Amino acid sequence: MRIAVIPGDGIGKEVTAEAVKILSAVAKASGWSAKITELPWGADHFLTTGVSMPPNGYAMLRDDFEAILLGAMGDPRVPDNRQAREILLGTRFELDLYVNYRPVRLLDDRLSPLKDKGVKDINFVVFRENTEGSYVSVGGRFKAGTEDEVAIQEEINTFKGVNRIIRHAFEFAKVSGLTRVCMSDKSNAMPQGHALWQRVFRDVASEYPKIQATHQFIDALALLMIKDPGQFQVIVTNNLFGDIITDIGGALQGGLGMAASGNIHPGRTSLFEPVHGSAPPLAGKNIANPMGAILSAALLLEVNGRVEEAKAIESAVEAAVRGGHTTTDLGGKLGTKAVGDWIAAHLKKAN
């Protein structure tokens, strides 16, 4: 498998190194070859060259690799985060990675922030539309910097975009043996764009009579994710709302350091990354939690058909959490590198 690795900025470099270590370990244990190519793109490269990525960068990612592993992006030396926007958002749009795949699974009861809610209650998936909505940069500012300033940010919803993400959510539920899909919008306050979500959801749901299709307004959904997360199996929503509620999901599973994600176009080169930020103040201190990056590597394998290897990584991470072999944010005493070493050793022993 040809995998492009973009370590990113801040702690991204450290946690990505541990994810690569785990990918190499599971490949060796399973008897297949992982050809890993590290690309230098990030803040350091941008500040040195003035270039976020080369002109053929998106085409190279699409044509030369099966998957991309990305570290966290962002550096205060680049105040407008241009390099992060062009690498992450640019790749999402240029490679048409329309599925943002976010599993929310609690691995140990002690990590739950909710009273009386544990592993049995927190285990669902969020699918966020990843190429439309409020993040398409359609809009503008008039009389900027004056008291008469007008700022317009448009939300774009197309039938194609809405249909394919909703259909993906139902197909995932069907293949995974799940029986509940919830769509969330704000159609009571945004009746034009979100009427499209309502119509498509009803139409697609009618094709899956064995799956219970429900709807929640996004504010109600956020409340219910805290009050009763166990009612959810698959959630599908738009770009902005998905961005927000997956951070709630990260908190439910023990913090953003545990949160993995995939940016996917089924059957094509896709990108995988931990959800947390680059945390510049923590960089270089060997204290960042690498589990989100390692679990992102597991998603990379899962989506590319290596399901058993993905499950092995998740089981090793679960064993580390339950055994207390973690960084301090999860109550452990290990550093970033030592956590990766423990998980790699556990994988080797398990095989």
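Observations
- Accessible area, probe 1.4 Å, largest first, for residues M60, M190, M183: M190, M60, M183
- Cα convex hull of the stretch 137-261, projected area averaged across orientations, nm²: 9.9
- Each Lys or Arg adds one and each Asp or Glu takes one away; over the other residues whose Cβ falls under 12 Å from the Cβ of R77, this sums to -3.
- Amide H partners (placed H, <5 Å) of R180, local residues excluded: Q212, V234
- Accessible area (Å², 1.4 Å probe, nearest 10) - L178: 50
- The listed residues K210, K285 rank as K210, K285 when sorted by accessible area, largest first, using a 1.4 Å probe.
- Sites excluded, GluC sites (Glu not before Pro) in DSSP loops with at most 14 other C-beta within 10 Å, longest stretch of the chain: 1-146
- The stretch 30-93: trypsin sites (Lys or Arg not before Pro) falling in loop per DSSP and having at most 12 other Cβ within 10 Å: R77
- Measuring nothing but alpha carbons in the stretch 242-288 and taking Rh as the Kirkwood radius, the Rg to Rh ratio lands at 1.06.
- Calculated Rg and Dmax of the stretch 260-322 using C-alpha coordinates, Å: 13.1, 38
- Count Lys and Arg as plus one, Asp and Glu as minus one, and take only other residues whose Cβ is under 13 Å from that of F217; the net charge is then -1.
- The stretch 295-351: trypsin sites (Lys or Arg not before Pro) falling in loop per DSSP and having at most 10 other Cβ within 10 Å: K333
- Within-14-Å neighbourhood charge of P54 [Cβ basis; K, R +1; D, E -1]: -3
- Max mean-square fluctuation residue, GNM over the chain, Cα-Cα springs under 10 Å, options L256, L299, L223: L223
- Ranking of I6, I244 by solvent-accessible surface, largest first: I244, I6 (1.4 Å probe, protein heavy atoms only, all chains present).
- By a 1.4 Å probe calculation restricted to protein chains, F142 has an accessible surface near 120 Å², given to the nearest 10.
- Annotation for the stretch 225-277 versus the stretch 153-175: alpha-carbon center distance of 15 Å.
- Calculated mean residue ellipticity, 222 nm, the chain: -12500 deg cm²/dmol, from DSSP H runs (n ≥ 4) at -39500 (n - 2.57) each, averaged per residue and rounded to 500.
- All C-alpha pair distances within the stretch 179-234, sorted into 10 Å bins from zero, spread as 24, 48, 28, 0 percent across the bins.
- Computed with every protein chain present, the accessible area of L97 is close to 0 Å² [probe 1.4 Å].
- Hydrodynamic radius of the stretch 17-128 per Kirkwood, over alpha carbon pairs, in Å: 17.1
- 10 Å-binned pair-distance histogram of the stretch 80-141 (Cα, whole percent): 18, 32, 21, 24, 5
- Taking the Cα atoms of the stretch 79-182, the ratio Rg/Rh between the radius of gyration and the Kirkwood radius comes to 1.11.
- Accessible surface calculations at 1.4 Å, restricted to protein heavy atoms, place the chain at 44 Å² per residue.
- Residue-normalised convex hull volume from the C-alpha trace of the stretch 240-351: 113 Å³ per residue.
- Descending semi-axes in whole angstrom, ellipsoid equivalent of the stretch 45-96, from the Cα gyration tensor: 20, 12, 10
- Couplings 3J(HN,Hα) for the stretch 64-78, derived from phi with the Karplus relation 6.51 cos²θ - 1.76 cosθ + 1.60 (θ = phi - 60°), are 9, 9, 7, 7, 10, 10, 10, x, 5, 10, x, 8, x, 6, 10 Hz, where x marks Gly and Pro.
- Most mobile listed residue (A144, A260, A293) in the chain, GNM with C-alpha springs under 10 Å: A144
- For the stretch 134-180, the normalised intensity computed at q = 0.14, 0.18, 0.30 Å⁻¹ comes to -0.56, -0.68, -0.99 (log10 of I(q)/I(0), Debye sum over alpha carbons, equal scatterers, no solvent).
- Shape box of the chain [Cα atoms, principal axes, largest first, Å]: 54, 50, 38
- Karplus-derived 3J(HN,Hα) values for the stretch 231-242, using 6.51 cos²θ - 1.76 cosθ + 1.60 with θ = phi - 60°, are 6, 9, 10, 10, 10, 10, 7, 7, 5, 5, 5, x Hz; glycine and proline are entered as x.
- Carbon and sulfur %, accessible surface of the chain computed with the full protein complex present, 1.4 Å: 53
The values are calculated or read from the model by the stated rules, or taken from the named source; none is laboratory data. None of these values were measured; they are calculated from a predicted model. As a convention, Cβ positions derive from the backbone with ideal geometry for all residues, glycine included, and neighbour counts pool all protein chains shown. Ligands, DNA and RNA are stripped out before the accessible areas are found, and what is left, the full protein with its side chains, is counted by its heavy atoms. Shrake-Rupley method; radii C 1.70, N 1.55, O 1.52, S 1.80 Å.
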